[in-house]
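Below: the structure, in structure tokens.
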Amino acid sequence: MGAGEYWNPKTETLGRDDLAALQLAKLRRLTEWAAARSPFYQRSFKEAGFAPEQLRTLDDLRRLPQLTREQWMASQAEQPPFGLLPVAGREAAIRWHTTSGTTGREPIRVLDTAKDWAWQAEMWCYGLWGFGVRPEDTAYVAFGYGSFIGFWGLHYGLEKLGALNVPGGAQPTEGRVRQIVDFGATVVASTPTYALRLAQEAERLGVDLAASPVERLILSGEPAGSIPQTKALIERLWGAKAGDTAGMTEIGTIMIFECRHQPGGTHIIEDHYIEEVVDPGSGEPVGYGEAGERVVTSFGRGIIPLLRYRTADLVARVPASRCACGRGFDLYEGGILGRVDDMKLVRGTNVYPRAVEGIVREFPAVEEFQLLLTREGHFDRIALRVEPAPETTDAEWGDMAARLAKALAEAHEGLRFEVERAGAGELPRFELKARRTVDRRDTPIGG
């Protein structure tokens, strides 16, 4: 390993036994902190019959009750606005952020102290440095900087690392494309969907992004960052490497990142998190290579202790040896595979939006798409609405639609997808998390 290879070599290269010992020590301290100061955990520990002194090995982690989003929301309703999880009030905090609210539900509200926020920046440094970002880089953050936590942590991580930081701010996509080129950005951060949108706009403007100085794209916010077809398309359009990351507002910041070796998965930052993979139904652990739901314990955000939080993310854990980088951190193969609750049952067949996107991205002429589910009487209908490139002729469209329908049916046990052409600019564009699946089967008539 060369000098400067890792941001934090003392812990990133630990063996499994040493890493487990570190996690156990942090877990004991965290549960003691939560039991002493958090009203939520004081109550939940009592109900579960748990006490911090019961933690003798990491296997004892399973003695702790799991935390769901619904419980968090109920806590907020019981004691607005932040609920019962925090160990202190807003007077101890310097930041207030929320979840994106893109699902239509009330957002979760979170607080952070100055120490919490410094930790969040450090977590982003793991991912940035690991993917090859260095102090000499100029990084453009294509993000609106609202109350959603989004790329805020990345912004401060770039500052901590020493890179020249260019905040994209609230402006049209055209303006961002021009700034990326004018500032000579070597790194761009955005959602995968918005990286494609920037590339489409650049083509419209006659800007050759592949010839620009951009060498790396840091992707986050959607599972699409690890879909091979989507990533390959982004890398081709930009002429740059694309690295996947994932974080959550509830947990505070980035938890997993793809290193510059691009091993086909994302490393877990295991010196700051314990990540379990469990069966979504039973809550029991699953083995390496088996898909399950992520359950996360976070050691960094002090004002809101987070123990065994059920994320609803679908993942498959594999050993650290899958990557040649030398880190001791395990990986999630393929990154975030989707959401446990994203699967749609259509006429007896499971349909996963990630799998659909993987097929659609094999067709370069697709500019945007939407998966629409409706019900006609007792019959479920699934349609793929496609917005092709403007120069696509009727004959080309007919051929592409037929091939798309065939590929989708072959991947879904013969399920028939109706492939429909949408007009130019008809489908929604997304800067943050894309919501391309629309399920109207339970929408009342006139709703």
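Given the criteria among the small types (G, A, S), assigned by TED's automatic domain parsing to the domain that holds L14 and crowded, with 20+ Cβ neighbours inside 10 Å, does G283 qualify? No: the conditions fail for G283.
What are the residues in the stretch 180-209 that are part of a helix (DSSP H, G or I), at pLDDT 95 or above and farther than 29 Å from Y352 by Cα, if any? Those that are part of a helix (DSSP H, G or I), at pLDDT 95 or above and farther than 29 Å from Y352 by Cα: I180, V181, D182, A202, L205, L209. Residues in the stretch 273-292 that are outside any strand (DSSP E or B) and small (G, A, S): G281, S282, G283, G287, G289. You will find that of G252, G289, G281, the residue that is more than 16 Å from the chain's Cα centre (by Cα) and in contact (Cβ under 8 Å) with a residue 24 or more places away in the chain is G289 and no other. Checked against the criterion of being in contact with an Asp or Glu (Cβ under 7 Å, 6 or more places away or on another chain), touching a residue at least 60 places away in the same chain (Cβ under 8 Å) and buried (at least 17 other Cβ atoms within 10 Å of the Cβ), the candidates E368, E431, E357 yield just one match: E368. Selection within the stretch 143-167: residues that are at pLDDT 95 or above and assigned to a loop (DSSP other than H, G, I, E, B). The member of this set that is farthest from L209 (Cα to Cα) is G162. Tell me, please, whether a residue that is part of a loop (DSSP other than H, G, I, E, B), touching a residue at least 12 places away in the same chain (Cβ under 8 Å) and of a type in the set (F, W, Y) can be found in the stretch 75-94. Yes, some residue in the stretch 75-94 is part of a loop (DSSP other than H, G, I, E, B), touching a residue at least 12 places away in the same chain (Cβ under 8 Å) and of a type in the set (F, W, Y).
I'm checking my understanding of the structure. Among residues of the stretch 306-330 that are surrounded by fewer than 21 Cβ atoms within 10 Å (Cβ to Cβ) and of a type in the set (K, R), which one is nearest to L30 (Cα to Cα)? In this case the residue turns out to be R308.
Does the stretch 228-243 contain any residue that is farther than 20 Å from F430 by Cα, in contact with a Phe, Trp or Tyr (Cβ under 9 Å, 6 or more places away or on another chain) and not assigned by TED's automatic domain parsing to the domain that holds L427? Yes, the stretch 228-243 contains a residue that is farther than 20 Å from F430 by Cα, in contact with a Phe, Trp or Tyr (Cβ under 9 Å, 6 or more places away or on another chain) and not assigned by TED's automatic domain parsing to the domain that holds L427.
A quick yes/no check of all residues on (1) modelled with pLDDT of 95 or more; (2) part of a loop (DSSP other than H, G, I, E, B); (3) farther than 18 Å from L58 by Cβ:
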{"residue": "R294", "(1), (2), (3)": "yes, no, no"}
{"residue": "I304", "(1), (2), (3)": "yes, yes, yes"}
{"residue": "G326", "(1), (2), (3)": "no, yes, yes"}
{"residue": "Y332", "(1), (2), (3)": "yes, no, yes"}
{"residue": "D341", "(1), (2), (3)": "no, yes, yes"}
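Among the conditions (1) among the β-branched types (V, I, T); (2) closer than 22 Å to P228 by Cβ; (3) not in a helix (DSSP H, G or I), T374 misses just one, which is (2). As a summary of the residue check, V177 satisfies the conditions (1) within 23 Å of K433 (Cβ to Cβ); (2) modelled with pLDDT under 95 except for the one numbered (2).
Do we have any residue at all in the stretch 42-65 that's within 28 Å of the chain's Cα centre (by Cα), closer than 27 Å to D313 by Cα and of a type in the set (F, W, Y)? No, every residue in the stretch 42-65 fails to be within 28 Å of the chain's Cα centre (by Cα), closer than 27 Å to D313 by Cα and of a type in the set (F, W, Y).
Among (1) more than 30 Å from G127 (Cβ to Cβ); (2) part of a loop (DSSP other than H, G, I, E, B); (3) modelled with pLDDT of 90 or more; (4) β-branched (V, I, T), there is one condition I336 misses while meeting the rest; what is its number? With (1) more than 30 Å from G127 (Cβ to Cβ); (2) part of a loop (DSSP other than H, G, I, E, B); (3) modelled with pLDDT of 90 or more; (4) β-branched (V, I, T) applied to I336, the lone miss is (1).
Just the residues that are surrounded by fewer than 22 Cβ atoms within 10 Å (Cβ to Cβ), under 14 Å from L196 (Cα atoms), among the small types (G, A, S) and touching an Asp or Glu at 6+ places or on another chain (Cβ under 8 Å), please, taken from the stretch 210-265. Of everything in the stretch 210-265, just one residue is surrounded by fewer than 22 Cβ atoms within 10 Å (Cβ to Cβ), under 14 Å from L196 (Cα atoms), among the small types (G, A, S) and touching an Asp or Glu at 6+ places or on another chain (Cβ under 8 Å), namely A240.
When V356, V438, V386, V360 are checked against the criterion of being aliphatic (A, V, I, L, M), within 30 Å of the chain's Cα centre (by Cα) and more than 27 Å from F148 (Cβ to Cβ), a single residue qualifies: V386.
Going by the structure shown, is P390 without any contact (Cβ under 8 Å) to a residue 40 or more places away in the chain and not aliphatic (A, V, I, L, M)? Can you show your working first?
Numbers: without any contact (Cβ under 8 Å) to a residue 40 or more places away in the chain: yes; not aliphatic (A, V, I, L, M): yes.
Answer is yes for this residue.
Residues in the stretch 61-74 that are touching a helix residue (DSSP H, G or I) at 6+ places or on another chain (Cβ under 6 Å) and part of a helix (DSSP H, G or I): R63 alone.
The values are calculated or read from the model by the stated rules, or taken from the named source; none is laboratory data. Here the structure is a predicted model, which means the values were calculated and not measured. Don't worry about glycine lacking a Cβ; one is built from the backbone with ideal geometry, like all the others, and counts go over all protein chains shown.
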